[in-house]
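Colleague: Here it is: the structure, laid out below.
The values are calculated or read from the model by the stated rules, or taken from the named source; none is laboratory data. The shown structure was predicted, so the numbers you read here are calculated from the model rather than taken from an experiment. When we count neighbours, we look across all protein chains shown, and the Cβ atoms used for this are built from the backbone with ideal geometry, even at glycine. Surface accessibility is based on the protein's heavy atoms, side chains included, excluding ligands, DNA and RNA. Shrake-Rupley method; radii C 1.70, N 1.55, O 1.52, S 1.80 Å.
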Amino acid sequence: MMRFRTFLHVVLLATIAAQSVVAAAQDRKVLVTVNDRPITSFDVDARINLWKLLGRNIEGPGQRKAALNAIIDDIAKIEEAAKYKAEPVEKDIQERLKRVAKGLDTDENGLKDKLKKNGISISAIRQYVSAQIAFNRLLSGKYKEKVEVSPAEIDAKMAEIQATMNGRLAKIKSDPRMQAVTVYELLEVGFPLDSPDLMQARLAEAAQFVSRFKGCNSARAAASGIFNVKIGKKLEADSRKIPKPMRAAFAQVGTGRAIGPFRSKEGIQVWGYCGTRKISPQLPKVELPNRQQIENAVYNEKFDAVEKKYSGQFRKGVVIEYRDPAYAD
């Protein structure tokens, strides 16, 4: 029996190991080669995670294809820059990584921790910043083009964002669910009925309780000497869901008094009126981006437009072979 168990244990471990190998193979599946350099599923995942870390979220079914194309473009930029001896050296890459770390409110070691936590390899971010440096040099050197953002463009973007946020807040405020609601604070008190013959006696006891009731904190004192009184916990009820006759009864007796008795499934019921209060739903907290963040956003928009303009030219200088047809253009 021991040998059989050992055999099963070995088989189980082998199965788990085989599954791990299959999963790893899927992660490392080659999707495309660019000048014989492979781009895998793992690389695509790393780029998506890097985008998220840097605050650039591209959602939807085209996310993975967009990430793959971005990696292809990066390789093409670096290859193009190499032709003009404009590729970044180690010093350039390290300086850019320091800037990335600062933008994430951390240092070089903190950046490494963030990358590891988010499933991003060092090689993935090095390729990303290398391509940025290479592209900027190509723009200023080969294409004589410079991406700049004027104060007027920043002002316009700030006004656009402010108007969008104001519109969304106005829509939220007009939603009926966001209107203030009057809430009744009530105390349910029950007088269980063990036998129909005790109905009159229990009604009299409930009426006695009502006359003694001087506030929701006096319920136990009001029930003194009365057998089997069930004092519930305070509860809050939306005034819109309380029947009008019941609201009228509460208004008539006033806060700190009780109404009843009423018939209930268990026997007799009394309601203590503790008071009312208004509840206003909390509006979402809106925080406008600062001027530097908006400047970065405008710059990125303009940079992306210029990048798209030249990406086709860069790709002509590399050989792209799609291994997975699902990602082919």
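Colleague: For residues that are free of Cβ contacts under 8 Å to residues at least 12 places away in the same chain and either closer than 30 Å to Pro176 by Cβ or charged (D, E, K, R) (or both), tally how many sit in segment 283-328.
Modeller: Total satisfying the criteria: 7.
Colleague: With respect to Val183, is the statement that it is closer than 30 Å to Pro284 by Cα, more than 25 Å from the chain's Cα centre (by Cα) and not in a helix (DSSP H, G or I) true? Spell out the reasoning first.
Modeller: On the way: closer than 30 Å to Pro284 by Cα: yes; more than 25 Å from the chain's Cα centre (by Cα): yes; not in a helix (DSSP H, G or I): yes.
Yes, satisfied.
Colleague: Which residues, counting only those in segment 186-221, are assigned to a helix (DSSP H, G or I) and among the small types (Gly, Ala, Ser)? I'd like the intermediate steps shown before the answer.
Modeller: First, pick out the residues of segment 186-221 that are assigned to a helix (DSSP H, G or I): 196-212, 216-221.
Within segment 186-221, Ala201, Ala204, Ala206, Ala207, Ser211, Ser218, Ala219, Ala221 meet the criteria.
Colleague: Do we find a residue being touching a Leu at 6+ places or on another chain (Cβ under 9 Å), surrounded by fewer than 12 Cβ atoms within 10 Å (Cβ to Cβ) and either on the phi < 0 side of the Ramachandran plot or free of Cβ contacts under 8 Å to residues at least 24 places away in the same chain (or both) anywhere in segment 224-234? Give the steps one after another, and end with the answer.
Modeller: First, pick out the residues of segment 224-234 that are touching a Leu at 6+ places or on another chain (Cβ under 9 Å): 231-234.
Then drop every residue that is not surrounded by fewer than 12 Cβ atoms within 10 Å (Cβ to Cβ), which leaves 233.
Next, from what is left, pick out any that are either on the phi < 0 side of the Ramachandran plot or free of Cβ contacts under 8 Å to residues at least 24 places away in the same chain (or both): 233.
There is at least one residue in segment 224-234 that is touching a Leu at 6+ places or on another chain (Cβ under 9 Å), surrounded by fewer than 12 Cβ atoms within 10 Å (Cβ to Cβ) and either on the phi < 0 side of the Ramachandran plot or free of Cβ contacts under 8 Å to residues at least 24 places away in the same chain (or both).
Colleague: Please list, ordered by residue number, the helices (runs of 4 or more DSSP H) wholly in segment 81-178 having 1 or more residues that are open to solvent by 90 Å² or more (accessible area, probe 1.4 Å).
Modeller: Numbers: elements: 90-103, 108-117, 122-141, 151-174.
Correct list: 90-103, 108-117, 151-174.
Colleague: Still on this structure, I have one more. Would you please name the residue that is surrounded by the fewest Cβ atoms within 10 Å (Cβ to Cβ), looking only at residues in segment 32-55 that are under 19 Å from the mean Cα position of the chain (by Cα) and closer than 25 Å to Glu79 by Cα?
Modeller: So in segment 32-55, the residues under 19 Å from the mean Cα position of the chain (by Cα) come out as 48-55.
Add one more test, that the residue is closer than 25 Å to Glu79 by Cα, and what stays is 48-51, 54.
Numbers: Ile48: 22, Asn49: 18, Leu50: 22, Trp51: 18, Leu54: 14.
Selected residue: Leu54.
Colleague: How many of the residues in segment 275-322 are under 30 Å from Glu236 (Cβ atoms), part of a loop (DSSP other than H, G, I, E, B) and either among the small types (Gly, Ala, Ser) or open to solvent by less than 60 Å² (accessible area, probe 1.4 Å) (or both)?
Modeller: Pass one, segment 275-322, residues under 30 Å from Glu236 (Cβ atoms): 275-286.
Next, from what is left, pick out any that are part of a loop (DSSP other than H, G, I, E, B): 280-286.
Still in the list and also either among the small types (Gly, Ala, Ser) or open to solvent by less than 60 Å² (accessible area, probe 1.4 Å) (or both): 280-281.
Of the residues in that region, 2 qualify.
Colleague: Take Val253 and tell me if it is farther than 29 Å from Gln179 by Cα and among the aliphatic types (A, V, I, L, M). Write out each step before concluding.
Modeller: Details: farther than 29 Å from Gln179 by Cα: no; among the aliphatic types (A, V, I, L, M): yes.
Taking the combined requirement at face value, the residue does not satisfy it.
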